[in-house]
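Here's the structure, in structure tokens; my notes come after.
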Amino acid sequence: MTMKNKTLLYKETPGKKNAIHFNNAGAALMPDCVLDAQQQHLSLEAEVGGYEAASIASNRVEAVYDSIAKLINCKRDEIAIVENATVGWMMAFYSIPFEEGDRILTAEAEYSSNYLAYLHLQKTKGIKVEVIPSNEYGEVCTQSLSDMIDNKVRLISITHVPTNGGLINPIVEIGKIAKENNILYLVDACQSVGQMSIDVKKIGCDFLSVTGRKYLRGPRGIGFLYVRETLIEKLHPPMIDLRSALWTSPETYELSKNAKRFENWEFNYSALLGLGAAVDYALNIGLENIENEVQRLADNLRTMLSEIDGVLVTDIGRRQCGIVSFCILGIPAKEIFDSLGKKKIRVSISKPESTLIDSRKRNLSNIVRASVHYYNDDDEISTFVHELEKIIEEAAT
């Protein structure tokens, strides 16, 4: 990105003037257009009422499905817009008709919410949860995955970018294995959509869950789920209402023919329109441009951190993304977090229980997570590194 383009991005990101925001993997800063879309609809709701406002905005609401479809290269009928990525992921997961003895294969760095769902079905339905070993780089080992396949494997479920670092799992290669063996494939793309190009056709996944608040720069409380078209009518959502189904007689109902069967009636329409604005904003910049800049900034940050005595960068994987995790020997993560906060630098703390298997394997305690986005810059990275050096110096005195 040129400095001219970055100047415009800064101007359109009001939160830039308040702090150095390196918590984009938690919730990124919204651009003006996302805030405006929400505020305008809320004002309309106040003026005419919620149902009436939704009716007036119906064309813009429907356009959000088209924007999301363009973002991940699918059909609009394959998209369900939901309250958040967890709801989307759960609607997909619990729609699968698991039977006792079925196997779920997942990654070492799988996210806690997903793994808890696996354990729930292990307890209630007698399914088996098995972890695919990682390769020497920390990624899902595709050879090990292939070796684990048998006719009892019902689902391969993978977090694309884990919450605790820069790792990018090889989801395209995993998708090929799933397709070759006719196994359902669920991808948690919460940390990847918005910071890199995502194409569900190339991935070959059956489901993909996404949040709005992270790298897409949308609002909280909104997300979406992709479900492959040829699979939709074979799945029954774990809950339905008059959005997802039609009550056809006192004893019968018909589910929606498209992915809307995974939605429910009550929508936060202002958040939905904010999500649409965020998607359009990303598409206008270009996902390749975003990915290149995020990669450049993250690589720069990792290099500078690695040169500081006492700092240990904990990221793994051959290809790494905009999430940069580290610890400082002898200084608790909470102390680093608090010290940076006083300097108006926002980061987050990744706790072991968020990715329990990976954290235990690598003996990770609480680590600091600095996640950059394309509206960050080299000056902010230099300031960040300088403040860390001061923290280390002060701790030594």
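We did not get these values from a lab; they are worked out from the coordinates using the rules stated. Keep in mind it's a predicted model, so treat the numbers as computed, not measured. Because the Cβ atoms are built from the backbone with ideal geometry, glycine has one as well, and the counts that use them run over all protein chains shown.
The lysine pair tally for the range 45-176, using Cα distances under 19 Å and a gap of 8 or more places or different chains, is 4. Computed over neighbours whose Cβ is under 15 Å from that of residue 295, the net charge equals -3, Lys and Arg +1, Asp and Glu -1.
Scanning residues 5 or more positions from residue 23 or on other chains, those with amide H under 5 Å from its amide H are 371, with H placed 1.01 Å from N in the peptide plane. Under 5 Å between amide hydrogens, built in the peptide plane, is the criterion, and for residue 108 it picks out 132 among residues at least 5 positions away or on other chains.
Rounded to the nearest 20 debye, the dipole magnitude of the chain is 100 debye, with +1 charges on Lys and Arg beta carbons, -1 on Asp and Glu beta carbons, and the Cα centre as origin. Using only the Cα atoms of the range 180-293, build the gyration tensor, take square roots of its eigenvalues as a ≥ b ≥ c, and label the shape rounded, prolate or oblate: rounded if a/c is under 1.5, else prolate if a/b is larger than b/c, else oblate. Oblate shape, in that a/c is at least 1.5 and b/c is the bigger or equal ratio. Under a straight-distance cross-link criterion of Cα-Cα below 15 Å, which aspartates and glutamates are reachable from residue 6, leaving out those fewer than 8 residues away in the same chain? List returned: 32, 291, 293, 377, 378, 379, 380. Pairs with C-alpha atoms separated by more than 28 Å, drawn from the list 214/334; 16/361; 17/390, are 16/361. Under a 5 Å amide H cut-off, with hydrogens placed 1.01 Å from N, residue 349 pairs with 369 among residues at least 5 apart or on other chains. Per-residue 3J(HN,Hα) values for the range 8-13, derived from phi via the Karplus relation 6.51 cos²θ - 1.76 cosθ + 1.60 with θ = phi - 60°, read 5, 4, 4, 4, 8, 10 Hz in sequence order (x marks Gly and Pro). Fully extending the segment from residue 39 to residue 172, taken as 0.36 nm per residue of separation minus the present Cα-Cα distance, adds 44.0 nm. Computed from backbone phi, the HN-Hα couplings of the range 374-385 come to 5, 8, 7, 8, 5, 5, 5, 5, 4, 4, 4, 5 Hz, rounded to whole numbers (Karplus: 6.51 cos²θ - 1.76 cosθ + 1.60, θ = phi - 60°; Gly and Pro given as x).
Couplings 3J(HN,Hα) for the range 305-317, derived from phi with the Karplus relation 6.51 cos²θ - 1.76 cosθ + 1.60 (θ = phi - 60°), are 5, 5, 8, 9, 4, x, 9, 10, 7, 9, 5, 10, x Hz, where x marks Gly and Pro. Using R0 = 41 Å, the C-beta based FRET efficiency linking residue 394 and residue 356 works out to 0.80.
Positive end of the dipole of the range 112-179 (Cβ unit charges, origin at the Cα centre): among 117, 166, 134, the Cα lying farthest that way belongs to 117. Ordering 289, 305, 365 by the projection of their Cα atoms onto the charge dipole of the range 285-381, which places +1 on the Cβ of Lys and Arg and -1 on the Cβ of Asp and Glu, puts 365 at the extreme positive end.
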